[in-house]
Amino acid sequence: MRIPIQLELDDAGFLDRLCPDERCGAEFKVLFEDWRDKVRDEAAFCPRCRHEAEPTEWNTPAQSEQIEAEVLRYAYGLINTELSSTARDFNRSQGPGGMISMSLSYRPAALPVVVPASASDLLRQTFECDVCHCRHSSLGAAFFCPACGHNSSVSAFQVSVDTVRKTLDALTGIRQSVCGATDADTAENSVRHILENSLVKLVSSFQGYAEALFDTVPNRAQFAPRRNLFQNLRESSDMWRTALGEGYDDILSPQEYSSLEVYFQQRHLLAHTDGLVDQDYLDRSGDHSYAVGQRLVVRPRVVGELADLVERLAHELCERT
Ligand SMILES: [Zn+2]
Ligand SMILES: [Zn+2]
């Protein structure tokens, strides 16, 4: 039995999707015609965690509610028109809950920050898969194509850098609109979250980019990089040097390289200690502007500088491969 249901699309024709893996819960959108034409019946992929599930498993709670309501309406319509005489008896014979019962599970939203609609549109990045050309968009990093699962870190990297730059330009507007919708405290917290997320996103997209690009070096077969090697600046720089003759510290100036080292360690803190400075950070980063127990302050200037550094490094590495 097929029941036609019209799900709502946004102005650009994208369909909201939600990763069914509870650890991830990423919210993303796929251009409706690509979801219909390019996603296979067997599986779709989460752009953030590459969780694999049947295409029916990606509804948002609102869509699940809508589908449930329409299925019920359809079923009751059938009962009324065709089975009116027997339906009452049938329903009476069923336990509480009626003839159709569905379970819905609700997951916490992936976005911890209050971002007004206009700002979240701005933060949204649209990606197109290099392989199958499925178009999708996401608020955060997107590493995989939802239709074919292809790892698109190389092309996603530039989109991430551009988005961070646009976000920096829009910070004043974001602060004002959150302040208008809520209060000054929430506005400051949102801006802080956005800056911290931008730093994390730049570092992690660069790591994803470097890892994907390294797969294309001619002598790739001679290397067996350990898991998460690209999260380590020194080790990955050394591996590039072995492969191409130059590492990160040959491409960047000593001062730029040590800034990059600090930002990599800051990403680690934001991801693992919620930004609280520990002894490990001081030892590894050589950044003595903080004491143990302080919390990192991420300034727009730093995020802009990091965007410039990783972008240049990415281009230079790409030219050498
Ligand atoms: Zn996911
Ligand atoms: Zn694809």
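Observations on the model:
- Selection count where residues are within 16 Å of ligand 1 (Cβ to nearest atom) and touching a Cys at 6+ places or on another chain (Cβ under 6 Å), scope region 22-47: 4
- Those residues of region 227-251 which are surrounded by 20 or more Cβ atoms within 10 Å (Cβ to Cβ), without any contact (Cβ under 8 Å) to a residue 24 or more places away in the chain and farther than 12 Å from Gln207 by Cα, in sequence order: Gly247
Bear in mind these aren't lab numbers, they're just calculated from the coordinates by the rules spelled out. Being a predicted model, the structure only gives us computed values, none of them experimental. All Cβ positions, even for glycine, are placed from backbone atoms using ideal geometry, and neighbour counts span all protein chains on display.
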